[in-house]
Every structure is written in C-alpha cells, then in structure tokens.
1. Given that compact globular proteins tend to follow 2.2 N^0.38 Å, what is the ratio of the alpha-carbon Rg of region 161-289 to that value?
2. I'd like the distance between the alpha-carbon centres of region 71-130 and region 151-221, rounded to an integer number of Å.
3. Taking a ≥ b ≥ c as the square roots of the Cα gyration tensor eigenvalues, with a/c under 1.5 meaning rounded and otherwise prolate when a/b beats b/c, else oblate, which class fits region 67-166?
4. How many Å² of accessible area per residue for region 65-114, probe 1.4 Å?
5. Measure up LYS212/LYS249; LYS161/LYS249; LYS19/LYS76; LYS19/LYS79 against 24 Å on the Cα-Cα distance and list the ones that go over.
6. At 1.4 Å probe radius, can you tell me the per residue accessible area of region 178-218 in Å²?
7. Using a 1.4 angstrom probe on heavy atoms only, work out the carbon and sulfur share of the accessible area of region 100-258 in %.
8. At a Förster distance of 41 Å, what's the computed FRET efficiency of LEU184 paired with VAL34, Cβ-Cβ distance as r, to 0.05?
Amino acid sequence: MKHQPQDILLVTGMSGAGKSTVLRTLEDLGWEVVDNLPLLLLDRLLASALPASSAGEARPMAVGLGSQTRDFEPEKIVKRIKKLREEHGHDIGTLFLDCAGSELERRYSETRRRHPMALDRPAADGIARERELLAPLRRWANRLIDTTDLSANDLAQQVRKSFARQDAIGPTLSVMSFGFARGLPRNADLVLDMRFLRNPHWVAALRPGTGKDADVSAYIAGDAAYAAAMTAIDSLLLLLLPRYGAEGKSYVTIAFGCTGGRHRSVHVAEHVAQRLRDAGFSPTVSHRDLEAAPQDSLEGAPAPTRGRGGTAGDAETGTH
C-alpha cells in the first residue's frame, strides 16, 4: 500500500533526558504523537485513514522510541528509517536527547525512580549500558539536544523554537506567574499586576495552598472585580497577539504578578493560558515563585473585610 508522504520525527535518547517533555510540547504544537510504538507497526499507522477532523491533511508525527520500546534494536531502526525514506518518500528526522551521566543519576535519585536498565543495580550501571546500546542512534540522529543544563521549561522552549509549525497562530507564547516581592521577571513583554484581587494569603485555611488549588481559585474568582478583569485581559491578549505575529514578533512572554507569586498570579496565569489554548494558541506556562515559602511580611497588611456575609473574608486575619 502506497503511503502519503509525511513529516516524521523520531524522538529517542537517554532515559531521564526529557523525552516525555519533548513529546508533550510537540503535541501542544499540533503534532500527532505516538510513544513507544514498535517501529514495525509504523507502516500500519501511516497507512491508516486520517481522522475526520484533519480535513485530509496529515499532521507532522512524532514517534517516541527508547530502550523500553518493544523489540528496540537501534541498528534495525536505522535500517527501517532508510527504507521508509526510500520506498515511501517520508521526510524522517531523528532527535536524540542526551544528558551527562552525573545529571541523570541526580534526576533518578531525586525522583526515587529506578533506571529501566538497572532495576536491581545502581542507576550508573543502567546509564552506561543504555548509552552503549543507543550509540548507533546517536550517531545517526540529525538533531541532538543536550539537556544536562536545561530545566523542563527550558527544553520545552527550545523545542517550540525548533519545531513550531509554520501555520501556528501567532508568535510563540510564554505565560508566567511571579511575585513582585522577588523582583520583576527578565524578558517579559507584558506585565500585569494582579494585586487588586483579594489575597488568599490572609485566609488561614488557604495560605498553605497555591493558585492551582480549587479552593484558592474559587476564593480569587469570588472577588467582585474578577470577572470583568478576566474578560478585559482575555480580550486585550486576543487583540494583541495576532498583531504581534503580523509585525513579525516571534516570541511573547506574558507575566502575571502578585505579591508573593503563589496565589493570585498563579491562578490567573493558568486561567489565561487555558483561554489562549481554547483560542488556538499553545502557550508554555511556568510559575517562577510557586515554591517560595509564604511570609506575612512580604504580603503587607491584610485587606479589610468587605462586608460579604458568609464569605471567607470573615476568616481573614492580620496576625504577625
């Protein structure tokens, strides 16, 4: 059966080097993503009918491969890639994710996971064994990213810069939260101050949480100004972002700030990122100060209770 030529990226590399992050990012960019598919089944996948939503156009495809993939043999994979290119005209690239052994050991130690090739031995043994196994694919790969010094967010940004589709809407977006108490973020194009919203820090039951928690989010969204403010912010961004793209701006970072960077700014960043996804954008979200410890002296004096009977405002305290 003759296949429709398709852009295919094989994503492989050292376990713990960031394959999952790369595949998630490519999926956000509109790629079709398949992980740990035996390469022998790739022919069947490429020959299958496109989904009705594709309008007859095949999306670029990313296929994750690794030492845990069934029948994983790097030499045979290289031969299979050559055959798919020659017989079906597919444009196949190979991205290899590398990482220093010492950093991989640290990551496995930090997550307390066992290395897939050293279940009953130190992680260093599995790393060395896997590096030897993957050597043919590393030599063959036409793209290589060393993730030793990259955070997950850094890696996602690099993937976006390298693999964003030409038909993507607007510039590459980053949405972040931060705390003004720890300084303004560098390289932010738009900074929006969320300190006008009521502060969950002054509610004892909410203080330990973050803007990702449902009860904290509900408290923030209960502010009288919240709905109108979010509508205005959404409208502003949906107006500006296409115009930034039309002017040739490739990257835009939108930063939402509150005092400590744990509650209001986190919630709003998540809300806005979802709104942008719904509108066809694919933002990367990061929270600069989410792990910072809450501290009364950073937050200033609590806002007075606003007379909302039965609301969490009744539980606000200003005790230092």
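1. 1.07
2. 33 Å
3. oblate
4. Solvent-accessible surface per residue comes out at 61 Å².
5. On the way: LYS212/LYS249 30 Å; LYS161/LYS249 13 Å; LYS19/LYS76 21 Å; LYS19/LYS79 22 Å.
Where the Cα-Cα span goes over 24 Å, the pairs concerned are LYS212/LYS249.
6. Per residue, region 178-218 has an accessible area of 50 Å².
7. For region 100-258, the apolar C and S fraction of the accessible surface comes to 50 percent.
8. About 0.50, to the nearest 0.05.
The values are calculated or read from the model by the stated rules, or taken from the named source; none is laboratory data. Since we're looking at a predicted model, the values are computed, not measured. For neighbour counting, all protein chains shown are included, and Cβ atoms are generated from backbone atoms with ideal geometry for every residue, glycine included. To get the accessible areas, we keep the full protein, side chains included, count just its heavy atoms, and leave off ligands, DNA and RNA. Shrake-Rupley method; radii C 1.70, N 1.55, O 1.52, S 1.80 Å.
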